[in-house]
Amino acid sequence: MKVSIFSTCVVDLMFPDVGKAMVEVLERCGCETEFPDKQVCCGQPTYNSGYVDESIPAIRNQIDAFEGAEVVVGSAGSCVAMLREYPEIMKDDPIYYPKAVELANKTYEFSQFLYRVLGLKNVGASLDAKATYHRSCHMTRLLDEREAPFVMLDHVKGLEMVPLPHIENCCGFGGTFSVKMPEISEQMVTEKMNDVVDTGAEILISADMGCLMNIGGKLNREGKKIKIMHIAEVLNNQVDLARMDTPKINVKG
Amino acid sequence: MGLKTSEKPLLERLKDSEKDVFMQKAVAKAQDAQWEKREGARDELGNWEQWRELGEQIRQHTIAYLPDYLEQFSDNVAKQGGKVFFAQTAQEAQDYVKRLIIEKQIKKVVKSKSMVTTEVDIDPMLLDLEGVNVMETDLAEFILQMDDWDEPSHIVFPSIHKNREQIRQVFEKKLGYKGDNEPVNLARCAREVMRKFFLEADMGITGCNFAVADSGIINLDTNEGNADLTISVPKTQVVLMGMERIVPTMKEAEVLDNLLARSAVGQTLTTYVTFAGKKAEDESDGPEDFHVVILDNGRSNALGTAFQSVLQCIRCGSCLNVCPVYRHIGGHGYGSIYPGPIGAVLSPVLGGYKQFGELPYASSLCGACTETCPVKIPLHELLIEHRRVMTNELGMQHGFDDFQMKVIGKGTSTPWMFKSAMTFAHAGSAPLSKKKNISVENMYDYGGYIDKGPGMVKGWTDVRDLPRPPKGSENFRSWYKNRQKAGDK
């Protein structure tokens, strides 16, 4: 199976280690990877700000970038959820609508792909630490993926997961909201930071770098000691091949 | 007060909210408690998703045939000898009630909780009438009235922003109350004041949860019994309702009452579920004179637009109870009688973008509102739609200007521009980046972080640190490309 990596612009620009980890885990699971160089951004910064007309070129560019891909795996629940929205947004575009449907149907968030498509729970990772998980709103509510990251993390050897209080509440990122409405965003991220600190976790994990950049940025601003990890980095940590599940589908085929 | 509750701009209201630590704690506590109660009450129904779908279908159907159902309801009220008045505006609704009061020489008006009466400013109108006394009889509204008509801050729990000690002080000052701040004692004090007033009242004003079209009666879901007294003691009753607040028959009312009680207060049913209208001949209590004022006041703006689904709302307030923005800014932060996500969608529909255009931006689009809505209004999508109408159609800018947004639009859709941005981001951020004081591991590995950013970055760095991007040669794309070249696959 050939996986086209959808890095997301945030990972592309800021967090290379997340992309690397994603590629290494997927290849370890037997997938071939490729990186379509034309990809940029899912279009949320403009679309969610109401600049829908201005977001259409970004959407078309993403559709073009992944045209012909077998399967697309993205590093962020939010951006993947946006790709799944493309058919609705492009419904009046006779050329791009069918392509948008095709793309939406073959795109998965990273942990979702491992769990639901490859049928994996254990990818052989181990991490000796106490951690908590921030559930991103778009991954949970728009992508409707509430299970995959938790199952995958449960199978990381040595990892003790502690529940995050108010897990249902947004961290205050919200894309341009964080920059345009700092007065509200600050209060939200402050409560989230306090909840994270209260768990006593050494590591904060999530499947959305936007949220982690926000919460991590606040934790750093307040001088809190913690480590931030994307779920791909966790699943790529100290891997023991002998402990790995075998994919449920024929990945090589 | 009306629809707009504050003349202050949003930023000032937000500052007020931020200072109101008590309000924030009270709202957070109420949200957390409601979460468990609500989800528990919903789970009891079995398949909650199917119930939501049924609720959505009922509401969509009713709104699609709204003129027909309103006519049917109006005819049936008239058959029983009641009167229906269609008010286009708040002023018309007010005037109708005012005329009635003057005509009938009403002296004492009791009110049960109703958002619509606040929306059309019934209370100030009543207070202006000489010789007319008014009393809010919902306990929370009564508290607000005693506190010099403080604004409600929630559509179901209007005094959620006050604690029991604040309430005790209000009662002491205004009612000569001498007791402690135990809720039961405070309620007893209010009850004594109210009961006396009730027995002398000659007009009752209520809202309406649902108006039943095929029988011409109204449905009230309450917990305190005050609404039932309001509709049974006074000889004249006025019901104020938004024009969308209608159901075809009792069958649909049953479904919606279930959705409402569970969503609003986490109860299987409210303590009182009342269906009533004009006093029938064989009945001992009830109004002999029965008026229903059906209000448009901007609601028809939504018909036939992307916003039509906002009329599905049954005012359960659960979107307020899950909203992380409401959690921090409280009802008063919104500056509208309808706060929270539903308020941010509804207020601009009713009152226009000039007054309420900022509200759709006061959301992180987390979707908690859409997820909880018992009649499946796509609230967060409607917030985006408001933003789209404002920017793409009306040219109203917010936060960033059109030029900045067009640059973002180009940068996110043009591969070469994005790539050159990636190439220069590291060098470009050099003068802004600090390396020291890194407490968060695995986040600031490419030359530290930025704590004071210019322009569009400022909003970010006002609150939190921004990682410095890696060099072009160290970013993910370069890594992937080099790895391919090296054949390391």
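The values are calculated or read from the model by the stated rules, or taken from the named source; none is laboratory data. Quick caveat: nothing in here was measured; it's all calculated off a predicted structure. Positions of Cβ are generated from backbone atoms using ideal geometry, with glycine treated the same way; all protein chains shown enter the neighbour counts. SASA here: full protein model, heavy atoms, side chains in, ligands and nucleic acids out. Shrake-Rupley method; radii C 1.70, N 1.55, O 1.52, S 1.80 Å.
May I ask you to compute the full-extension gain from B:Gln355 to B:Lys485, defined as 0.36 nm times their residue separation minus their alpha-carbon distance, rounded to one decimal in nm?
Values: separation 130, 0.36 × 130 = 46.80 nm, distance 5.82 nm.
So the extension gain works out to 41.0 nm.
If R₀ is 45 angstrom, what is the calculated FRET efficiency for the pair B:Lys178 and B:Glu36, using the beta carbon separation as r and rounding to 0.05? Kindly include the intermediate steps, with their values, before the conclusion.
Values: r = 36 Å, r/R0 = 0.80.
Given R0 = 45 Å and the Cβ-Cβ separation, E is 0.80.
Summing +1 for each Lys or Arg and -1 for each Asp or Glu, what net charge is found among the other residues whose Cβ lies under 14 Å from the Cβ of B:Arg13?
Values: positive: B:Lys4, B:Lys8, B:Lys15, B:Lys19; negative: A:Glu183, B:Glu7, B:Glu12, B:Asp16, B:Glu18, B:Asp20, B:Glu151, B:Glu358.
It works out to a net charge of -4.
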query: For region B:403-485, what percent of Cα pairs sit more than 22 Å apart?
result: 33 percent
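Go through B:Lys113/B:Lys174; A:Lys157/B:Lys434; B:Lys410/B:Lys436; B:Lys83/B:Lys162; B:Lys25/B:Lys435; B:Lys113/B:Lys354 and tell me which ones have a Cα-Cα distance over 31 Å in this structure. It would help to have the intermediate numbers written out before the result.
Values: B:Lys113/B:Lys174 21 Å; A:Lys157/B:Lys434 36 Å; B:Lys410/B:Lys436 34 Å; B:Lys83/B:Lys162 38 Å; B:Lys25/B:Lys435 36 Å; B:Lys113/B:Lys354 29 Å.
In this structure, A:Lys157/B:Lys434; B:Lys410/B:Lys436; B:Lys83/B:Lys162; B:Lys25/B:Lys435 lie more than 31 Å apart at Cα.
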task: May I ask for the angle, rounded to the nearest 10°, between helix B:402-411 and the longest principal axis of chain B, with both axes built from Cα atoms and the value confined to 0 to 90°?
output: 50 degrees
statement: Zone reached by a paramagnetic label modelled 7 Å from B:Lys83 Cα along Cα→Cβ, restricted to region B:238-256 with backbone N below 13 Å, covers B:238-239
- prompt: Roughly how many Å² of B:Met23 are accessible to a 1.4 Å probe, to the nearest 10?
  reply: 10 Å²
Cross-link partners of B:Lys107 among lysines (Cα-Cα below 16 Å; sequence separation of 8 or more within a chain): B:Lys98, B:Lys196, B:Lys235
message: With viscosity set to 1.306 mPa s at 10 °C, what whole-number translational diffusion coefficient in µm²/s follows for region B:132-270 from Stokes-Einstein and a Kirkwood radius over Cα pairs?
response: 97 µm²/s
statement: Log entry: pair-distance distribution for chain A, C-alpha pairs binned every 5 Å from zero, whole % per bin is 1, 6, 14, 18, 19, 16, 12, 8, 4, 1, 0
query: Expressed in nm², what is the orientationally averaged projection area of the convex hull enclosing the Cα positions of region A:122-235?
result: 6.6 nm²
Candidate residues B:Asp75, A:Asp195, A:Asp128: accessible-area rank, largest first, probe 1.4 Å: A:Asp128, B:Asp75, A:Asp195
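Counting other C-beta atoms within 10 Å, and keeping those with at most 13, which DSSP coil GluC sites (Glu not before Pro) do you find in region B:4-85?
Filter output for region B:4-85: B:Glu7, B:Glu44.
With the cut-off at 1.5 for a/c, could you classify region B:279-368 from its C-alpha gyration tensor as rounded, prolate or oblate?
Prolate.
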- prompt: After finding the eigenvalues of the alpha carbon gyration tensor for region B:345-489, what semi-axes result from the square roots of 5 times each, listed largest first in whole Å?
  reply: 37, 19, 18
message: Probe radius 1.4 Å, ligands and nucleic acids ignored: give me the carbon and sulfur share of the accessible area of chain B as a rounded percent.
response: 51 percent
- prompt: So for A:Thr246, A:Thr46, what's the accessible-area order with a 1.4 Å probe, most first?
  reply: A:Thr246, A:Thr46
- prompt: Distance from the Cα centre of region A:126-180 to that of region B:296-328, in angstrom?
  reply: 29 Å
field: 5 Å-binned pair-distance histogram of region B:196-318 (Cα, whole percent)
entry: 2, 11, 19, 21, 21, 14, 8, 3, 1, 0
- line: So, over other residues within a Cβ distance under 13 Å of B:Lys251, counting Lys, Arg +1 and Asp, Glu -1, the net charge is -4
statement: Distance in nm between A:Asn194 and B:Asp43 label points, each 7 Å along Cα→Cβ, equals 2.7 nm
- prompt: Tell me, what is the per residue accessible area of chain A in Å², probe radius 1.4 Å?
  reply: 33 Å²
- prompt: So which residue, out of A:Leu13, A:Leu212, A:Leu153, gets the largest mean-square fluctuation from a GNM of chain A using Cα contacts under 10 Å as springs?
  reply: A:Leu13
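Please report the net charge: other residues with Cβ closer than 14 Å to the Cβ of A:Leu219, K and R +1, D and E -1.
Working: positive: A:Lys192, A:Lys218, A:Arg221, A:Lys224, A:Lys225, A:Lys227, B:Arg464; negative: A:Glu186, A:Glu191, A:Asp195, A:Asp198, A:Glu202, A:Glu222, B:Glu441, B:Asp451, B:Asp465.
Once positives and negatives cancel, what remains is -2.
Can you list the equivalent-ellipsoid semi-axes of region B:46-300, largest first and in whole Å, using the square root of 5 times each Cα gyration tensor eigenvalue? Don't skip to the answer; put the middle values down first.
Numbers: eigenvalues 171, 107, 55 Å².
Whole-Å semi-axes of the equivalent ellipsoid: 29, 23, 17.
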- line: At the level of C-alpha centres, the distance separating region B:1-65 and region B:359-394, in angstrom, is 14 Å
message: Between B:Leu303 and A:Gln238, what's the calculated FRET efficiency when r is the beta-carbon distance and R0 is 60 Å? Round to 0.05.
response: 0.50
message: Under the rule of at least 5 residues apart or a separate chain, name every residue whose amide H is placed under 5 Å from the amide H of B:Gly242.
response: B:Leu295
- prompt: What full-extension length gain, to one decimal in nm, is calculated for B:Ile102 and B:Ala187 as 0.36 nm per residue of separation minus the Cα-Cα distance?
  reply: 27.3 nm
query: Stokes-Einstein at 10 °C, 1.306 mPa s, Kirkwood radius from Cα pairs: D for chain B in µm² s⁻¹?
result: 63 µm²/s
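Quick one: plug the Kirkwood hydrodynamic radius of region A:2-116 (C-alpha pairs) into Stokes-Einstein at 37 °C, 0.692 mPa s, and report D in µm²/s.
Working: Rh = 14.1 Å.
Roughly 232 µm²/s, to the nearest whole number.
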message: For chain B, what does the accessible surface come to per residue with a 1.4 Å probe? Please give it in Å².
response: 41 Å²
message: How large is the Kirkwood hydrodynamic radius of the protein assembly as shown, counting all unique pairs of alpha carbons, in Å?
response: 27.7 Å
task: Before rounding to the nearest 500, sum -39500 (n - 2.57) across all DSSP H runs of length at least 4 in chain A and divide by the residue total; then give [θ] at 222 nm in deg cm²/dmol.
output: -12500 deg cm²/dmol
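With a 1.4 Å probe and all protein chains left in place, how much of the accessible area of region A:122-235 comes from carbon and sulfur atoms, in whole percent? Please report the intermediate quantities before stating the final value.
Details: 1580 of 3300 Å².
C and S fraction of accessible area: 48 percent.
For region A:70-103, which GluC sites (Glu not before Pro) are both in a DSSP coil and crowded by at most 14 other Cβ atoms within 10 Å? It would help to have the intermediate numbers written out before the result.
Working: sites: A:Glu70, A:Glu85, A:Glu88, A:Glu102; in loops: A:Glu70.
Those satisfying the criteria are A:Glu70.
Give me the percent relative contact order of chain A, please, defined on Cα pairs under 8 angstrom at least 6 residues apart.
23 percent
Report, in deg cm²/dmol and to the nearest 500, the calculated mean residue ellipticity at 222 nm for chain B, where each DSSP H run with n ≥ 4 adds -39500 (n - 2.57) and the sum is divided by the residue count. Please report the intermediate quantities before stating the final value.
Details: 22 runs with 232 residues, N = 489.
Counting only the DSSP helices, I get -14000 deg cm²/dmol.
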Area buried, chain B against chain A - accessible surface, total, 1.4 angstrom probe, square angstrom: 6900 Å²
- prompt: Of the beta bridges DSSP finds with both residues in chain B, what % are antiparallel, to the nearest 5?
  reply: 35 percent
query: What residues of region B:407-452 lose no less than 40 Å² of accessible area with every protein chain in place versus their chain by itself (probe 1.4 Å, heavy atoms only)?
result: B:Thr412, B:Ser413, B:Pro415, B:Phe418, B:Ser439, B:Val440, B:Glu441, B:Asn442, B:Met443, B:Tyr446
